[in-house]
1. Calculate the radius of gyration of the Cα atoms of the range 247-366 to one decimal place, then report Dmax, the largest Cα-Cα distance, as a whole number, both in Å.
2. For the ranges 141-148, 51-58, 291-298, what's the packing order if you count other beta-carbon atoms within 10 Å of each residue, average per peptide, and put the highest first?
3. Which whole-number percent is the relative contact order of the range 247-366 (Cα, under 8 Å, 6+ apart)?
4. Output the peptides 332-339, 108-115 sorted from most to least packed, where packing is the average of other Cβ atoms within 10 Å over each peptide's residues.
5. Hey, with R₀ at 35 Å, roughly what FRET efficiency would residue 229 and residue 332 work out to, going by the Cβ-Cβ distance, to 0.05?
6. Measuring from a point 7 Å past the Cα of residue 6 along Cα-to-C-beta, which residues in the range 103-137 have an amide N at less than 17 Å?
7. Based on the Cα coordinates of the range 225-294, what is the per residue volume of their convex hull in Å³?
8. What number does the range 4-149 give for Rg over Rh if you use C-alpha atoms and the Kirkwood radius?
């Protein structure tokens, strides 16, 4: 029986030929970076995400950094959830800010609105929320309200959430900026890369400048703000354009696989993280809470013996347990994340899988003793 790995990515011959043709066009122009394919990709990603503006960047991390630089967090605090990848905190530090790490809510494991309110001070310059596993938690509406009330920009880390919606509104459109990762394993990919979206002209102009060393758009040798080189190549953009042609089909496949997990496990002791009636997740991951009698290491060992690999958790080591961030933690204030980090698994849920693969995984889970 074929092994089920943590990830796979396949392109058909039509896709590959289109990409080759794009590469030929790029090589014939001699413009290899930040040219017509990048602009086309940005326009098409903005249309896909439902935003006015889109900017292609080198990664989800640099998308966050550019957004944070645009709202000027240098020397100030930025609130973020402990339940996220370390890149979220790294972006704050790279932008000159100070991470203020708080706990999450217990339903979709995103930033907790109550913890946000109790953590706000005059030193807070921005708030980052993270859409875990492709779900936009309904609590974002409370975060949005609080940030508007206090005049603090809300930034969405949408690394998992391409195409996700809440009440019909797309990920990245609830705050000042939405920041996406196009890493190889993500919902769509440009190999490496990211995108930043926004709906305000002045914010767009700021990040456009920040992406190219703070350059003044009216004078290419004048630099008016801090910035860096976050530009992407034409080849990455060409891949992104083709990925956008198939993204809805692939998201629908992820949802089909996630629904199969949920149907197979609904009468068992294994609990799946699911959408409510107002949500539409991209299901970058299908999060499953095992019965308390099982430890994750034992589950992983049992599945590995059957040729099945677990994907990375979201997250097994939250930020407050990362050694490099120890000076930013608030002791004994991470109860939800501490529990969740030890008590969830993420089995494979990528579009190359078949329904029979999900059936096999679920049968192994249910059959565990």
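Taken together, the values in this text are just the output of simple stated rules run on the coordinates, not laboratory data. All of these numbers come straight from a predicted model, not from anything done at the bench. All Cβ positions, glycine included, derive from the backbone under ideal geometry; neighbour counts span all protein chains shown.
1. Cα-based Rg and Dmax for the range 247-366 come out at 15.7, 47 Å.
2. Numbers: 141-148: 17.2, 51-58: 22.1, 291-298: 11.9.
Ranking, from highest mean packing down: 51-58, 141-148, 291-298.
3. On the way: 135 pairs, mean separation 46.9, N = 120.
After rounding, I find 39 percent.
4. Values: 332-339: 16.6, 108-115: 22.4.
So the order, starting with the most tightly packed, is 108-115, 332-339.
5. On the way: r = 41 Å, r/R0 = 1.18.
Calculated value: 0.25.
6. Taking a point 7 Å out along Cα→Cβ of residue 6, the residues of the range 103-137 whose backbone N falls under 17 Å are 133.
7. 201 Å³
8. Values: Rg = 19.2 Å, Rh = 18.0 Å.
Checking Rg against Rh, the ratio lands at 1.07.
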